[in-house]
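The values are calculated or read from the model by the stated rules, or taken from the named source; none is laboratory data. As the structure is a computational prediction, the values presented were derived from the model and not from experiment. Cβ sites come from the backbone with ideal geometry, for glycine too, and all protein chains shown count toward neighbours.
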Amino acid sequence: MEEGGFVKGKFGNGFDLRPLKEECFCVGGAGVFGHLSDSFLGRKGTLTLVCAINLVSGCLTALAPTYWVYVVLRFLTGFSTGGVGTCSFVLATEPVGPSKRGIAGMSTFYFFSGGIAVLAAIAYVFPSWRALYIASSIPSLLFLVAIIPFLSESPRWYLVRGDISSAMKVMREIANCNGKVLPNNVTLTLEDNSRKCDGPAVQESVSGSIIDVVRSPLTRMRLVLIVAINFLTSIVYYGLSLNVVNLGTNLFLNVALNAIAEMPAFALTAILIDLFGRKPLTIGTMWFSGVFCVLGSILKSAGISKVAQMVCGILGIFGMAGTYNLLFIYVTELFPTVVRNAALGCATQSAQMGAILAPLVVVLGGGVPFAIFGVCGIVGGILSFLLPETFNQPLYDTLAGMEESEHTEHGKEKV
């Protein structure tokens, strides 16, 4: 490959450093940009920033004169890419009500899979890696010019920042697009403010950070569990995709089947998420994947067992693809607006760490990777039992409002 020549030829000294630049790309900045999104930059401002960084670093990568410049630019590209998914997902789902939030959130992942398919076509048209980096950076430019100017900031972010007039403006625009009209005497308020006073609330800016998440006993345990579950999910999801090299089957066919298996997983999860809820579906999809991975570890890579092992891998991908995307919605609902993107950023960051670890599991070979993936899936399902159900629950805006609501609910249960 031409990229191999880049490493070992003109700019290299005989060492194959390609794995390093792939790991640099996986170390994303989801946590950093998640905090910025919750603070002064907002969802839209942070999304604009990460797209700009992605555009500039991607184009400069094509001009990299040395390998180490190339690695640094790949790091910056991966760092910014980590913030794109979290910011765009939260911006898309925060204004949506509980009854439609699940299906709206799951629908966003079709565009992710569609983007991967388009990238394959772009790579076919531009075989040169330098031309490919420029071509794959153009979507960021198009997004900055043709889409972001027409996006509205999240009304929930405006609300927690104390800008009620801007929040109401966005809500009236949404109502107008839906053919509805908001009465003039309707206004937005934070849940804790609405409980404190009967008259008009004087809204003050409310801020939060990941430190506040850790300080609160309620959200601290949720964060630990979500980080662990995302880490385990990512090991299985990316590990099964990479493990095709150990199966001894047709590599191209196996990769294609794995990709195809993800699409129905999205559709089925979107249907079931509002029937069974977030928690049961998370447990079910992780255990579904874990069981088939354990079966795959028992089978031998020979004869008909080799085909059966490939099927186990495809079904494992099917289950974990549903979990991976479902967790985005789950995390969004588990944390209030003031820290939502920071928490989702931490979850995404842990998933990226799992993606880095996955190749190290795959190189163990034989049935060992399947066994490890099976254990990860089953353990992840067990940890999910400790999370609360969020189906048909409101999206809280502040930590105080969430904690007060939790105490009220526990009080009712005791009575």
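If you take the residues in the range 117-141 that are part of a helix (DSSP H, G or I) and among the hydroxyl-bearing types (Ser, Thr, Tyr), which one is farthest from GLU94 (Cα to Cα)?
Checking each candidate, the answer is TYR124.
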Residue under evaluation LEU144, criteria (1) part of a loop (DSSP other than H, G, I, E, B); (2) touching a residue at least 12 places away in the same chain (Cβ under 8 Å), criterion not met: (1)
Output for the range 66-84, where each listed residue is under 9 Å from PHE33 (Cα atoms) and of a type in the set (S, T, N, Q): SER80
Where ASP16 falls short, out of the listed (1) outside any loop (DSSP other than H, G, I, E, B); (2) at pLDDT below 60: (1)
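Residue-by-condition table, conditions (1) assigned to a helix (DSSP H, G or I); (2) of a type in the set (S, T, N, Q); (3) modelled with pLDDT of 85 or more; (4) in contact with a Pro (Cβ under 6 Å, 6 or more places away or on another chain):
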residue	(1), (2), (3), (4)
ILE211	yes, no, yes, no
VAL214	yes, no, yes, no
VAL244	yes, no, no, no
ASN254	yes, yes, no, no
ALA267	yes, no, no, no
Taking the condition of being surrounded by 24 or more Cβ atoms within 10 Å (Cβ to Cβ) and closer than 16 Å to SER234 by Cβ, how many residues in the range 333-351 meet it? 6
Scan the range 377-395 for residues that are more than 16 Å from GLY277 (Cα to Cα) and touching a Gly at 6+ places or on another chain (Cβ under 7 Å) and jot them down. GLY377, ILE378
Are any residues in the range 282-334 free of Cβ contacts under 8 Å to residues at least 40 places away in the same chain and hydroxyl-bearing (Ser, Thr, Tyr), and if so, which ones? SER305
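Go through PHE112, PHE79 for me and flag whichever is without any contact (Cβ under 8 Å) to a residue 40 or more places away in the chain and either farther than 18 Å from TRP157 by Cβ or surrounded by 16 or more Cβ atoms within 10 Å (Cβ to Cβ) (or both).
Criteria check complete, one pass: PHE112.
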Got at least one residue in the range 61-84 being within 23 Å of ARG340 (Cα to Cα), of a type in the set (A, V, I, L, M, F, W, C) and either part of a helix (DSSP H, G or I) or modelled with pLDDT of 90 or more (or both)? yes
Residues SER107, SER113, SER165: which one is out of contact with any Pro (no Cβ under 6 Å at 6 or more places or on another chain), in a helix (DSSP H, G or I) and not assigned by TED's automatic domain parsing to the domain that holds PRO65? SER165
Checked against (1) in a helix (DSSP H, G or I); (2) surrounded by fewer than 16 Cβ atoms within 10 Å (Cβ to Cβ), ASN392 satisfies every condition except (1)
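Yes/no matrix, rows are residues, columns are (1) surrounded by 24 or more Cβ atoms within 10 Å (Cβ to Cβ); (2) modelled with pLDDT under 90; (3) of a type outside the set (Ser, Thr, Tyr); (4) more than 19 Å from ARG101 (Cα to Cα):
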{"residue": "GLY290", "(1), (2), (3), (4)": "yes, no, yes, yes"}
{"residue": "LEU295", "(1), (2), (3), (4)": "no, no, yes, yes"}
{"residue": "LEU327", "(1), (2), (3), (4)": "yes, no, yes, no"}
{"residue": "ALA355", "(1), (2), (3), (4)": "no, yes, yes, yes"}
All but one of (1) out of contact with any Phe, Trp or Tyr (no Cβ under 8 Å at 6 or more places or on another chain); (2) part of a helix (DSSP H, G or I) hold for SER301, so report the exception by its number. (2)
